[in-house]
Amino acid sequence: MKIMVAVKRVTDPNVKVRLLADGSGVDLAAVKMAMNPFDEIAVEEAVRLKEAGLATEVVVVSIGPEKATEILRTALAMGADRGLLVKTEAAVEPLTVAKLLKTVAAEEEPSLVFLGKQAIDDDCNQTGQMLAALLGWAQGTFASQVTVGEGKATVVREVDGGSQTVELSLPAIVTVDLRLNEPRYASLPNIMKAKKKPLAEKQPADYGLAIEQRLEVIRLEEPPARAAGIKVGSAAELVKRLRTETGVLS
Ligand code: AMP
């Protein structure tokens, strides 16, 4: 069974992003970039299924600039077998990514496609669902547990107020949530080995697709600064303040 994993290059979650002076976008000039954290979880899950003998090959795919090869190499160092970069310098929207992933999936014929539940740059949470719709495949989103059986996968999903279990016939799309696993760090020997693993490069045009911009960003703004909190000395003081200062209690 082949597993395909979609990985996106985003701003490192540990850096504070700044806006461009004219508010037209985020200043990415000197910002550290990394693999989207949910995609690390997706790679980890695929690699674990391979280690358990349930998958035969893990292919990682990224759509983005040349530098996205860095996160593909990281995925290869974590244990993926092969990488594919669909190279474009243009910003790609979820529908474009889903269309490209659809054509890659048609070529690769994976039994499972893992994606992150969302990319932390735009927080769209759309690509996996769009891909499932375009392919007409089953989908299990927000996965906190994935069990693979004969021709099917059982996915425990994180939903409001608890969890839901769905059974999917393969091939299927799974988008992964935070609690699924804790991704490994790539070891130095594996980083060295990953340099020799195959990494192909294609263009959107190779799949007969042009990058379309359907969305227009009007302006970005910093969220308003929040006032500092206060510490109260006792429960009695808390109740008094809630009554007199906030009107929360009458
Ligand atoms: P989004 O719908 O943008 O929040 O992204 C959800 C997931 O889709 C991400 O966690 C990735 O697994 C995948 N994805 C989004 N954009 C890309 C991209 N440019 N290249 C590869 N995978 C992507």
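Inter-part distance, the stretch 155-192 to the stretch 43-69, computed on C-alpha centroids, equals 12 Å. Taking 218, 173, 71 in turn, the Gaussian network model of the chain (Cα-Cα springs below 10 Å) assigns the largest fluctuation to 218.
The packing ranking of peptides 109-118, 92-101, 10-19, highest mean first, is 109-118, 92-101, 10-19, where packing means the average number of other beta carbon atoms within 10 angstrom of each residue.
Taking a point 7 Å out from the Cα of residue 246 in the direction of its Cβ, the residues of the stretch 205-232 whose backbone N falls within less than 18 Å of it are 226-232. Figure legend: label point modelled 7 angstrom from the Cα of residue 67 along Cα→Cβ; residues of the stretch 16-54 with amide N under 11 Å from it are 28-34. Look at where the Cα atoms of the stretch 89-147 and of the stretch 204-242 average out, and the two centres are 24 Å apart.
Bridge orientation summary for the stretch 2-246: considering DSSP beta bridges with both residues in this region, about 40 percent are antiparallel.
Full extension of the segment from residue 91 to residue 20, taken as 0.36 nm per residue of separation minus the current Cα-Cα distance, would add 23.9 nm. Largest mean-square fluctuation among 78, 33, 192, in a Gaussian network model of the chain whose springs join Cα atoms under 10 Å apart, belongs to 192.
Every read-out reported here was derived from the displayed coordinates using simple, explicitly stated rules and does not represent laboratory data. What you are looking at is a predicted structure, and each value in this text was computed from that prediction instead of being measured. As a convention, Cβ positions derive from the backbone with ideal geometry for all residues, glycine included, and neighbour counts pool all protein chains shown.
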